[in-house]
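Scroll down for the structure; my scribbles are underneath it.
The values are calculated or read from the model by the stated rules, or taken from the named source; none is laboratory data. The shown structure was predicted, so the numbers you read here are calculated from the model rather than taken from an experiment. No Cβ is skipped: glycine too gets one built from the backbone with ideal geometry, and neighbour counts run over all protein chains shown. All accessible areas refer to the heavy atoms of the entire protein, side chains included, with ligands and DNA or RNA removed. Shrake-Rupley method; radii C 1.70, N 1.55, O 1.52, S 1.80 Å.
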Amino acid sequence: IGDSIMALYSLSVNDAINSAIEMRAKLQEFNDDLQMNGNEPIDSGIGIHTGDLMMGIVGGRSRIEGTVISDHVNLASRLEGLTKIYGAPIIVSQDSLIKIEKPTQYSFRFLDIVKVKGRMSSVNIFEILDGEKINQRKLKLDTKEDFNKAIQLYRNRQFEESEELFSSLLEVNPHDKAFHLYLERCKKNLKHGIPEDWDGVEILLFK
């Protein structure tokens, strides 16, 4: 679909996640070859969600194709778009995460609670870390506990404490885009305040 790929996995969420991890590994090999030849590396993001959908044939006499339609399909596409924002190569919804067989076989961390364009309800999103390079995966795992604490402080409206903790986390891993994202949110909320009904859910209106 343009510069993207849509894949359906009917048997297991594990199949989708394993495919995503393998795609990331192959991309790293490809980028190593690019850089060895003096070319810039490329990147990709993968969004995974689980739910019911409608599958069928659309089009007319001159052109027909198979497709799938549902709110869940749209959400998977939105999650792919969030990979750029959070610097997370593989993002999965909580609906997918809870359906994983033996979740301990994967490394993951909580990222955020968001409302995406075209969807009224919020969704908890997680990053699968197994698709990261070894050094970044280790840094994200080593800072996972403090990252969770900083997010909880943020959601409790303790923005000064959260800002301080995110700043210290950035000293450990300055390349973690999620740290930068939350730090900017803390600064913005401290400067401009928040609505009385603020619930910590991030509303993202882009596709």
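What is the Cα convex hull volume of segment 103-143 when expressed per residue in Å³?
On the way: hull volume 3.8 nm³, N = 41.
Each residue corresponds to 92 Å³ of Cα convex hull volume.
Loop-only trypsin sites (Lys or Arg not before Pro) in segment 33-83, please: DSSP not H, G, I, E or B, and at most 12 other Cβ atoms within 10 Å.
Here the sparse-neighbourhood loop sites are Arg61, Arg63.
Looking at the chain only, what percent of DSSP beta bridges run antiparallel? Nearest 5 please. Intermediate values should be presented prior to the final figure.
Working: 15 of 21 bridges.
Of the beta bridges lying entirely in the chain, close to 70 percent run antiparallel.
Using mean Cβ contacts within 10 Å as the protection proxy, how do 84-92, 121-129 order, highest first? Spell out each step's value before the answer.
On the way: 84-92: 23.0, 121-129: 19.3.
Highest to lowest by the protection proxy: 84-92, 121-129.
Using a 1.4 angstrom probe on heavy atoms only, work out the carbon and sulfur share of the accessible area of segment 1-108 in %.
Using a 1.4 Å probe with all protein chains present, segment 1-108 comes out at 53 percent carbon and sulfur.
If you roll a 1.4 Å probe over the heavy atoms of the protein chains, what accessible area per residue do you get for segment 1-144, in Å²? List each step's numbers first, then the result.
Values: 8680 Å² over 144 residues.
Per residue, segment 1-144 has an accessible area of 60 Å².
Take the Cα pairs of segment 33-75, get the Kirkwood Rh, then feed it into Stokes-Einstein at 4 °C and 1.567 mPa s and tell me D in µm²/s. Don't jump to the answer; show the numbers that get you there.
Details: Rh = 14.0 Å.
For the chosen part, D equals 92 µm²/s.
DSSP loop (so not H, G, I, E, B), at most 12 other Cβ within 10 Å: list which GluC sites (Glu not before Pro) in segment 44-112 pass both filters. Before the final figure, lay out the partial values.
Details: sites: Glu65, Glu80, Glu101; in loops: Glu101.
When the GluC sites (Glu not before Pro) of segment 44-112 are filtered for loop state and at most 12 Cβ neighbours within 10 Å, Glu101 remain.
Under the Karplus relation 6.51 cos²θ - 1.76 cosθ + 1.60, θ = phi - 60°, what is the ordered set of whole-Hz ³J(HN,Hα) values for segment 156-166, x standing for Gly and Pro?
Result, ordered by residue: 8, 6, 8, 6, 5, 5, 5, 4, 4, 5, 5 Hz.
Fully extended, how many nm does the chain gain between His180 and Glu65 (0.36 nm per residue separation, minus their Cα-Cα distance)? Could the numbers behind the result be given before it?
Working: separation 115, 0.36 × 115 = 41.40 nm, distance 4.19 nm.
In short, 37.2 nm is gained.
Identify the trypsin sites (Lys or Arg not before Pro) of segment 127-176 meeting these criteria: DSSP loop state and at most 14 other C-beta atoms within 10 Å of the C-beta. Write down the numbers at each step before the final one.
Details: sites: Lys133, Arg137, Lys138, Lys140, Lys144, Lys149, Arg155, Arg157; in loops: Lys133, Arg157.
Listed in order of number, the matching sites are Lys133, Arg157.
Can you tell me the mean projection area, over all orientations, of the convex hull of the chain's alpha carbons? Units nm², please. Please report the intermediate quantities before stating the final value.
Numbers: hull surface 58.1 nm².
With the hull built on Cα positions only, its mean projection is 14.5 nm².
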